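These notes concern the structure reproduced below.
Quick note: the coordinates plus some simple rules give every number you see, no bench work behind them. Keep in mind the model is a prediction, meaning the values are calculated, not measured. Because the Cβ atoms are built from the backbone with ideal geometry, glycine has one as well, and the counts that use them run over all protein chains shown.
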Amino acid sequence: MISATCVAPVNIALIKYWGKRNEDLILPVNDSISMTLNTNEMCAKTTISASEKFERNRMWLNGDEVDFEENVRLMRCLKGVQNLVLANGISKVPLSWKLHIASRNNFPTAAGLASSAAGYACLVFTLARLYGLPHNEELTTIARQGSGSACRSLYGGFVHWHRGVLENGSDSVAVPVVPAQHWPNMHVLILVVNDARKKTSSTLGMQRAVTTSTLLQQRVTDVVPHRTKKLIDAINTRNFTEFAEITMRESNQFHAIALDTFPPCIYMNDVSHAIVNFVHSYNEAAGTILTAYTFDAGPNACLYVLEEHVPKLLASINEAFPNDIAQSVEYLQGIPMTTPSPVSG
Ligand code: DP6
């Protein structure tokens, strides 16, 4: 038996991916940009063992067995990596050997905390490691077919997923913008408002948005290309106020499109809206932008803040939300962000 164990980090989108132009290949309607978090705090950990004695491929997610062979996305990732192995002509493990895969997240699954991103990135990275493939751009096109946002978790730092133009998706790849060390005092505070499973999955929510939202098309053609460029400039120059404004506007537009979807997708709750108001009041009182929020397809908030401003922000959160949020500040992390990596054991 041969095994590999790896961890992969969560990434949080600054420019949101929302909408596919090809459902099977998971090709997005727009570019997106994300920041990868530190694997010590939030990550997926996957062990894959291959043996000639295993009779079929099996997988356990957080201890529960899932129907691996029946799951189109999981099988696509496995086939994608195995095709790369065939093309490379080298393999540490015979492709005929069946696999046993065990994966765990150290944070709530499917609560809008990017669990599928870390999970699929980890699956693809661990498969590549098991078969002896190098880490390269092609792996991002495979992880993308597990869950779109997963392609961005294959790199640390700030990452750009290009929508691409080719029909076969080979140019819809994730590439690093800058490594984590470029902006070492950038921190993220995750406020866990609710860790229940979300009502409308991202997959379904974005499918509905593509067919029913009239705002989405304008976002794709007029807004995202311009914002993507401006955000990359802000990251390159470490311009926090510009970074923060784009990030908050993006979050707001994404949720506006979710509401413009019919029937609407409502991901934020009253506490989420109170956090938005809190952030704007906090920045107004400071006379400058010291923190920015973003919300994915769930009520939980990610706040961006520079390290030197973390203590004051935390104190204000505790004061503003004495009963609920304060106790829910579960993750505070700095970034040295990490790429997926093999672990021992
Ligand atoms: C709101 O990657 O989970 O987090 O490709 O259908 O699996 P599928 O969707 P998924 O969507 C993530 C949506 C988002 C924004 C983002 O991460 O860019």
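Hey, if you put +1 on the Cβ of every Lys and Arg and -1 on every Asp and Glu Cβ in segment 4-162, which of Asn106, His162, Cys77 ends up farthest toward the positive end of that dipole?
The one lying farthest along the dipole's positive direction is His162.
If you count, for each residue, the other Cβ atoms within 10 Å and average over each peptide, how do 16-26, 63-73, 231-241 line up from highest to lowest?
Ranking the peptides 16-26, 63-73, 231-241 by packing returns 16-26, 231-241, 63-73.
Please label the shape of the chain as rounded, prolate or oblate, based on the square roots a ≥ b ≥ c of the eigenvalues of the alpha-carbon gyration tensor (a/c under 1.5 means rounded; beyond that, a/b larger than b/c means prolate, else oblate).
It comes out prolate by the Cα gyration axes.
Taking Cα pairs under 8 Å and at least six residues apart, what relative contact order does the chain come out at, in percent?
Relative contact order, the chain: 24 percent.
Nearest 0.05, what FRET efficiency do Glu308 and Glu242 give at R0 = 30 Å with Cβ-Cβ as r?
Result of the calculation: an efficiency of 0.95.
What is the sum of charges around Val223, taking Lys and Arg as +1, Asp and Glu as -1, for the other residues whose C-beta is under 13 Å from the C-beta of Val223?
Summing Lys/Arg as +1 and Asp/Glu as -1 gives +3.
Compute for segment 219-276: radius of gyration divided by Kirkwood radius, i.e. Rg/Rh, restricted to C-alpha atoms, rounded to two decimals.
Taking Rg over the Kirkwood Rh, I get 1.06.
With charges set only on the Cβ (+1 for Lys and Arg, -1 for Asp and Glu), what does the dipole of the chain come to about its Cα centre, in debye to the nearest 20?
With Lys and Arg at +1 and Asp and Glu at -1, about 700 debye.
Taking K and R as +1 and D and E as -1, what net charge do the other residues with C-beta under 11 Å from the C-beta of Cys122 add up to?
Counting the neighbours of Cys122, the net charge comes to +3.
Pick out which of Arg56, Arg249, Arg152 has the largest mean-square fluctuation in a Gaussian network model of the chain, springs linking Cα atoms closer than 10 Å.
It is Arg56.
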